[in-house]
1. Using only the alpha carbons of the stretch 239-283, what is the convex hull's orientation-averaged projected area in square nanometres?
2. In angstroms, what radius of gyration and Dmax does the stretch 46-96 have, counting Cα atoms only?
3. If you fit an axis through the alpha-carbon atoms of helix 14-26 and take the longest principal axis of the Cα set of the chain, what angle between them do you get, 0 to 90°, nearest 10?
4. Multiply the residue gap between residue 209 and residue 39 by 0.36 nm, knock off their C-alpha separation, and tell me the result in nm, one decimal place.
5. So, R0 is 25 Å and r is the distance between the beta-carbons of residue 248 and residue 272; what FRET efficiency does that work out to, to 0.05?
6. In square nanometres, what is the average projected area of the Cα convex hull of the stretch 137-277?
7. In what order do 122, 162, 72, 194 fall by count of nearby beta-carbon atoms within 10 Å, going from fewest to most?
8. Between 189, 171, 94, where does the largest GNM mean-square fluctuation fall for the chain, given springs only between Cα atoms within less than 10 Å?
Ligand SMILES: [Fe+2]
């Protein structure tokens, strides 16, 4: 029973270690996911659409798909992840973005294989990912290798260029070592910068720095929210301001996904799982 993080992630407290050790036993066999998967509506995934008119005139449009917080493990029904993969696979994506927190409790060979299968099922010319706090606390090397085997590039404080667009990623703001200077410098002279970071707590690192859009997860929209989607408890300071949805912040369009899976509490209420599909188009196009 590891009572400290086995990965490089900070912030893994002793109470959390004890809680996870208890849940590992209590949820053994994955019965919470099986039970939750039988509840009517529990396997629904919303596909949210957006447009980002930021490309120079005449530039080829780019379709981005974003999924986050899969939390493969005993509290997430596999059929829910299948539904999300189907939605994104049908969207004819150019770029797949994955926002981290791929597991809950621990990364095993089996959970890593499930992650690779998920990523392989979604066709896209470019597949890019960052890691989340739950990944960094566990054997994240297994997840990194699984992503790479599925053709997914990790964007930890670096960027890749896709035509006029640079897509950069930041390490997790809470448990990792985000380096916005390095990531933005790696964008070079790209006319459009689009960012990926596990949590909206990455937003203060890049606002007013010429970033057209930032994609985040982590919040689960509170996972258990009041009717209308108002969360009761959200992790992280920025998540309390931007718990889910699209927000315009300091010249940046912030997309916060509610993610897909579950963590300690093995169900959701008024916080429907979602994925995003965003068309990046020419200004005025
Ligand atoms: Fe997270």
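Where a number appears in this text, it was derived from the coordinates with a stated rule and is not lab data. Bear in mind the structure is a predicted one, so any value in this text is a computation, not a measurement. So basically every Cβ, Gly included, is an ideal-geometry build from the backbone, and we count neighbours across all protein chains shown.
1. On the way: hull surface 17.2 nm².
If you wrap the Cα atoms of the stretch 239-283 in a convex hull and average its projections, you get 4.3 nm².
2. 14.2, 48
3. 70
4. Values: separation 170, 0.36 × 170 = 61.20 nm, distance 4.43 nm.
So the extension gain works out to 56.8 nm.
5. My answer for the efficiency is 0.65.
6. So the Cα hull casts an average projection of 9.0 nm².
7. Going from sparsest to densest Cβ surroundings: 162, 122, 72, 194.
8. 189
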